[in-house]
Structures are given as structure tokens and as C-alpha cells.
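> This is the structure, below, for whatever I ask next.
The values are calculated or read from the model by the stated rules, or taken from the named source; none is laboratory data. These numbers come from a predicted model, not from an experiment. We place every Cβ from the backbone using ideal geometry, glycine too, and count neighbours over all the protein chains shown.
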Amino acid sequence: MDSPAKTNLYGLDRPALEAWSEAREQPRFRAGQIYRWMYGRQRLDPNEWTDLPGALRERIVAEHVVETGQLAERLEASDGTIKYRVELPGSGSVESVYMVQDERVTLCISSQVGCALGCDFCMTARMGLVRHLTAGEILGQAAMIRDDRGLHERPFNIVFMGMGEPLHNYDAVLSAVRTLTDPEGFGLSRKRITVSTVGLVPAIDKLAAEPVRPRLAVSLNATTDEQRDALMPVNRRYPLAVLRESLRRYAQHTGDTFTFEYVMLAGVNDSDDDVRRLARLAHGLPVKINLIPFNEVPGELPYRSPSRDRVFAVRDALLGRNVRTSIRWSRGADARAACGQLALESGKHKPKREASS
Ligand code: SF4
């Protein structure tokens, strides 16, 4: 059994490993060796790190664990989507999802246990924020699914659209992004990584200055402040005009395009007036809209998904207004697809308020 005093090496990025090496009077290149074993080759047993001196390997085993977490539950849907519940090395569990569509593999990963943002249509919101994940716990989800699905030779996409608001856990998420994009780490192109935010304006400004930036997606879901205040409390702090202005700055500074994610709620945000206002919000921005018909959780959340005809009509109306738009149909509908559902059902995280209101 490992001593509880051992600290986890998994998740340390290059600068942290360099500091670790220096503190042990090791040459700087040791950091690169350990980095390549953990993230590039995904070998987590220090006894296998054969280019390290034996004494150092023994010391690592004595002082550290190298752990990503454990796949605690695995639900496979009929469309090939797999939803995982991951027990974290720290405490608690999160959800991660493997999706494949037209040969394109996407992993949806979590950045927090629970979430503090309180969006009204979200199951994860019911936990409140339990804690931020470490960079290692974030990377560990990708590493575990990569192993489980045998993705070592195959490029995949990562979307931070699981549990939590990634920009609320900014430092750990950006550290993970750097390791995911490092050619000696996971080696993914930055264009394969998308961070989805409710619109934390100071963090969007900060992200614009990052040398390694993921793609940005903004979870919009409403076309008036009144509507958005009710659905997403964050809007009271950063109303639509402020958010839109920060996105204009972001696009201007970075030259990047971004997406508006728009969860469609029948009778709430899918009217013809919403279409007109949505087109106006998109106007002049390098943005594409992803329409996401709501994933119903009967008995838990009061919202409904619009009919397929309505979803197509909204898409066509936006395209008719020259707004780049696509529909993202829910994947894994028969695998508790609503984010947070699996973790809540595991009984490890009690809802902070009663499910029925
Ligand atoms: S939708 Fe995202 S940001 Fe909003 S409460 Fe859920 S996890 Fe948090």
C-alpha cells in the first residue's frame, strides 16, 4: 500500500518538473525525461522509466505515486458514445465522454467536481462547486479514455464541456492544455481542443494573451438579458453587451474564430424573435452558432427540447440571415447524457437543493 504522504507526480507540467528536478539536485533534462514517460508514452510505472538512474527511480517510487484516477463506471450508448465515471485520485468523481461521429473522435472532459455557476438547465449545477480539478486530474481523463479506446495512434479532439466551468479553474485548465498540445506530451494540435465558457469576461481577456490557446466556445443560450439572467446567473455580472464586447476584443486580438453554443429550450429561447436577436448578436463577429437541442431529464429539469422541425427551422432562418450555423444533436441519449447525471446518480455527490422544484 502507498503511504498517504506520497504526492502525485502526474499532472506536473514542464516548469513544475524542472523545479522538482532542481530540488533533488538532478540535471534539468530529467524533467523532460519524466515528462515524456508520463504524457507522451503514457507509462505510469516509474520502474519502467529506463533512461533514469536506478537510484532516482527508487526515490520516485518511495516519495510519489503516479496516478490518473480510475474508471469506475462505463455506460455505452447505442450510437457508440461511452460515458465514463472517473474516480479521482484526490476525492470525488467526474464524468468524461467518448464520442465518435463520421470517424471523428471527441473526448468531453470535466474541469471541476460540481460547478459554482448555477445554470438552471444543468444537472451539474445541483452539486454546487465541490472542488477544482488539478491539471493531472484533467489530463488523467484524456489519458484513461485514450487507453480504453486504443487511441494512441489516432488523433482526437478534446472539448472542455463536461462538469464545471473551465475558465473558473483557469490555471489548471491552461496547464493541462499546454501538456495536451506539447509535441512531447499528448501532441495534439491546439485546434483540436475547445474550452467552453459561460462567459467569464476577465478570463476571456486573459486567455487572449496566452501563447498556447485552445479554441473558444461560449455557452450563450439566450438572446436577451432578462432571459439569460433567469437561465444563467453569470449574466447578471457580465450581461450580453459586456460579453459581446469582450468577444469582439478577443477575436480582434487573437485572429481566432469562436462558437456560440445555444442550448435550445422549447418555448423559452427558440422563438422567431430569438432567431432575429441571435443573428444580431452574431453580426460582425467571426462566430459560428452550434444549436444544441436540449437533453431532457424528465422529472429532474423542467425544460423540454423543441421538435426536430423547429430545430431545422431555426437553423434555416439563421442560415438565411448569413449566420454560420450547425446543429449538434445529442450523443449517447441512452447513456444518461445530461452532464452531471451519472455523478449525481452514483450517490457520491448530493444535490445542494432538492431535485423537484
Ligand atoms: S452549464 Fe456548465 S457552467 Fe453552467 S452550471 Fe452546468 S457545468 Fe456549470
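> Just to be sure I understand the filter: pairs with C-beta atoms under 7 Å, separated by 6 or more residues or on different chains, first member in segment 149-173 and within 17 Å of Gln101 (Cβ to Cβ) and modelled with pLDDT of 95 or more, second member within 14 Å of the ligand (Cβ to nearest atom) and assigned to a loop (DSSP other than H, G, I, E, B). Which pairs pass?
Every condition considered, the pairs that remain are Ile158/Ile109.
> At least 3 residues that are within 16 Å of the ligand (Cβ to nearest atom) and crowded, with 23+ Cβ neighbours inside 10 Å in each: list the helices (runs of 4 or more DSSP H) lying fully within segment 163-233 that qualify.
none
> Using the structure shown, decide if Arg36 is part of a helix (DSSP H, G or I), under 20 Å from Gly140 (Cβ atoms) and under 30 Å from the mean Cα position of the chain (by Cα).
It is true that Arg36 is part of a helix (DSSP H, G or I), under 20 Å from Gly140 (Cβ atoms) and under 30 Å from the mean Cα position of the chain (by Cα).
> Report whether or not Asp45 is of a type in the set (Asp, Glu) and modelled with pLDDT of 95 or more. It would help to see each step written out before you state the result.
Values: of a type in the set (Asp, Glu): yes; modelled with pLDDT of 95 or more: yes.
Here the answer is yes, as Asp45 does meet what is asked.
> Out of everything in segment 95-131 that is surrounded by fewer than 18 Cβ atoms within 10 Å (Cβ to Cβ) and closer than 16 Å to Ala172 by Cβ, what residue ends up being nearest to the ligand (Cβ to nearest atom)?
Filtering segment 95-131 for residues that are surrounded by fewer than 18 Cβ atoms within 10 Å (Cβ to Cβ) and closer than 16 Å to Ala172 by Cβ, the one nearest to the ligand (Cβ to nearest atom) comes out as Ala116.
> Looking at Ala125, Ala135 in this structure, which one is of a type in the set (Gly, Ala, Ser), within 23 Å of Pro293 (Cβ to Cβ) and under 16 Å from the mean Cα position of the chain (by Cα)? Before the answer, list the steps.
Values: Ala135 fails: within 23 Å of Pro293 (Cβ to Cβ).
The conditions single out Ala125.
> In segment 41-53, is there at least one residue being touching a residue at least 12 places away in the same chain (Cβ under 8 Å) and assigned to a helix (DSSP H, G or I)?
yes
> Taking segment 52-88 on its own, how many of its residues are of a type outside the set (Val, Ile, Thr) and closer than 23 Å to Glu153 by Cβ?
5
> What pairs come up if the first residue lies in segment 106-125 and is assigned by TED's automatic domain parsing to the domain that holds Ala172 and within 13 Å of Val94 (Cβ to Cβ), the second is near the ligand (Cβ under 8 Å from one of its atoms) and of a type in the set (Ser, Thr, Tyr), and their beta carbons are under 7 Å apart, counting only those six or more places apart or on different chains?
Gly114/Thr124; Cys115/Thr124
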